[in-house]
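What follows is calculated from the coordinates using simple rules that are stated; it is not laboratory data. This structure is a prediction, so every number in the text was calculated from the model and none was measured. When we count neighbours, we look across all protein chains shown, and the Cβ atoms used for this are built from the backbone with ideal geometry, even at glycine.
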Amino acid sequence: MQATADRVEAAYGVDLAALWPRLWLILPEPAVRQIQSARDSFSAAARLAAWAVGYALLAFWWWPAALVAIGCGTVARSRARTALDALAGLIEAAVDVHGRELATRVGLIAPDATGLLAHDTGDGMSEVFRKAE
């Protein structure tokens, strides 16, 4: 996730942590559903990791639980990595596709402007969204 934030910062000059809550509000329903699906997949992997911890604790009294814990942990790690990669990609794509729309809505660029989101516009959005902290 940090790599995604760094790429967005490098490309557009915008702080993803400040931008994301506002961008989330204007995303169309299909994008929201895809992002929620990726987040739900990550949550499911985290729940599986919690089960792995529970089985690992049980292994102190019943050794076969250690095998189950190792299996659950391995699968949870793999699923979490896949889900997080998908989530990060979707978040970056949302900024690429809808970042300019957000800049237009907050009045930093004209509605009839064309092209990619400029770095100075991204800097301006970060400044506005951080409330000049």
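I'd like the residue in the stretch 44-84 that is aromatic (Phe, Trp, Tyr) and in a helix (DSSP H, G or I) and, out of all such residues, is farthest from the chain's Cα centre (by Cα).
The selected residue is TYR55.
Given (1) touching a helix residue (DSSP H, G or I) at 6+ places or on another chain (Cβ under 9 Å); (2) part of a helix (DSSP H, G or I), where does GLN36 come up short, assuming only one miss?
(1)
Can you tell me which residue in the stretch 12-28 is surrounded by the fewest Cβ atoms within 10 Å (Cβ to Cβ), limited to those that are closer than 13 Å to VAL97 by Cα and of a type in the set (A, V, I, L, M)?
For the stretch 12-28, the residue satisfying everything is ILE26.
For VAL128, work out the one condition from (1) among the hydrophobic types (A, V, I, L, M, F, W, C); (2) touching a residue at least 60 places away in the same chain (Cβ under 8 Å); (3) in contact with a Leu (Cβ under 8 Å, 6 or more places away or on another chain) it doesn't fulfil.
(2)
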